[in-house]
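K.L.:
Take this structure, written in structure tokens, and hold onto it; I'll ask about it next.
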Amino acid sequence: MPSGKICGLTVKDVRFPTSLEQHGSDAMHTDPDYSAAYVIIETDSGMRGFGLTFTVGRGTEIVVCAVEALRPLVLGKSLDEITADFRSFYRLLTSDGQMRWVGPEKGVIHLATAAVLNAVWDLWARAEGKPVWKLLVDMEPEKLVSCIDFRYISDALTEEEALDILHKGQEGKQQREEDMLREGYPAYTTSCAWLGYTDQQLTQLCSKALADGWTAFKVKVGAELDDDIRRCRLIRQMIGPEKFLMIDANQRWDVGEAVAWVTHLSEFQPLWVEEPTSPDDILGHAHISKALAPLGIGVASGEQCHNRVMFKQFLQASALQFVQIDSCRVGSVNENLAILIMASKFNVPVCPHAGGVGLCELVQHLILFDYICVSTSLDKRMCEYVDHLHEHFKNPTLIRNAHYMPPVVPGFSSEMVESSVDKHTYPHGEVWRSMNQL
Ligand SMILES: C[C@H](O)[C@@H](O)CC(=O)C(=O)O
Ligand SMILES: [Mg+2]
């Protein structure tokens, strides 16, 4: 069916009151209400595409405004026109002569770009009758590269080098696709140990996760050292010495403090410390990486890394040992393609950030593509999983034996259940109205 011209774009502020039970809490975000600026684009031929970006509550209304500001750049474009030269469309959104000032390619405007472009990728995949991961896997390397804006990264990755990496990734891809369809992509869980959970909750959730076959666990740290020691000890005792433990400080520390704090926790053998300090501090991360390397602890970051330019510098500075792409922070698939290929060139494993609302649904497509066509390896690689809010999606993630099973439905798995959206729309949805009356 011809996809037609985009004739409508709506955006909704959808919030879930997760803070009530401390789901998602960490040392910096103590009361997150998992939220989405949820975008629906429509074409005059009756097709729809769904996209979102993730936030943690207040402020979603600002992202909604930013999406509204992008609307005129999208309306009237046809999918064919966009996908014939996706790089130019990406630039159109990110390089508007006036709006660029409120970015560029970072902050609220870039979150809005992510939501809009995610909807366009959903529309494209639906038009092709494929899930996004399969659309990418089947795409010629030349076409993939034509979706990427190489401006600001060509000193680290040229178009020719990207093509070369993608051409190499074609070899054996059929086999890797079959492996994924059979086994799925390895995942780790963050659901057991949010910062606001009691030790009793942690113990219960961890024993259930072990029984369900999970082999890698992330614990929130960074507020009180004594609490961290107690919680890490508890979880390490439960999971034993072989399984993976990761710690996540969510930017709580200064550089020196991070090194000292993690050194105290090193007896629990974390595989990585995540976001030890400001997500913008490239040299700080490099310093921490160097200091922790002798302890066998890597540094991971990316969920609040603005764009491909920042990732480039983290990689150039050997400041990260794990790259955590996020499907809703940077400019959608287009920019994540650049990051995946750069990570491959620098030989740094990608372990995506997920969780939130919808992040698992979307990022599974990117990491499947990474394995099948870019990294071609599962060594030191796993994708985050958080067991929340999947029931609000029409095609929720499917986890089997702690692995993401590849989605089969066309699109980006980003369409939400209409009644969930209605109930959780802020501030007039039923859920918020009833809470305000309490
Ligand atoms: C506020 C979010 O829940 C954050 O803690 C998520 C995160 O850091 C992670 O999943 O990693
Ligand atoms: Mg994190």
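K.L.:
Quick one: dipole size for region 169-418, taken about the Cα centre, charges +1 on Lys/Arg Cβ and -1 on Asp/Glu Cβ, in debye to the nearest 20.
P.N.:
Details: 21 positive and 31 negative charges, 94 e Å.
My answer is approximately 460 debye.
K.L.:
Right, next: Give, as a single signed number, the net charge of other residues whose beta carbon lies under 12 Å from the beta carbon of Val363, with Lys and Arg counted +1 and Asp and Glu -1.
P.N.:
Residues near Val363 contribute -4 overall.
K.L.:
Could you point to the residue in Ser327, Ala343, Met238 farthest towards the positive end of region 169-418's charge dipole, with +1 and -1 charges on the Cβ of Lys/Arg and Asp/Glu respectively?
P.N.:
Most positive-ward Cα: Ala343.
K.L.:
In whole percent, what relative contact order does the chain give with Cα contacts below 8 Å and a gap of six or more residues?
P.N.:
19
K.L.:
Quick one: putting +1 on the C-beta of Lys and Arg, -1 on the C-beta of Asp and Glu, what dipole do you get for the chain around its Cα centre, in Debye to the nearest 20?
P.N.:
Magnitude of the dipole: close to 160 debye.
K.L.:
Further, regarding this structure: So which DSSP H runs in the chain come out at 27 Å plus along the axis (Cα) with average Kyte-Doolittle of at least 0.5?
P.N.:
Working: long enough: 107-128 (32 Å, 0.83).
Both cut-offs are met by 107-128.
K.L.:
Give the residue list of trypsin sites (Lys or Arg not before Pro) in region 19-123 that are DSSP loop and have at most 13 other beta-carbon atoms within 10 angstrom.
P.N.:
Arg58
K.L.:
Projected onto the charge dipole of region 169-418 (+1 at Lys/Arg Cβ, -1 at Asp/Glu Cβ, origin at the Cα centre), which of Cys192, His365, Gln175 gives the Cα projection farthest towards the positive end?
P.N.:
Of the options given, the answer is Gln175.
A short reminder: the numbers here are calculations on the coordinates, not readings from a lab. None of the values given here were measured: they were computed from a predicted structure. In this analysis, Cβ positions are derived from the backbone assuming ideal geometry, glycine residues included, and neighbour counts consider all displayed protein chains.
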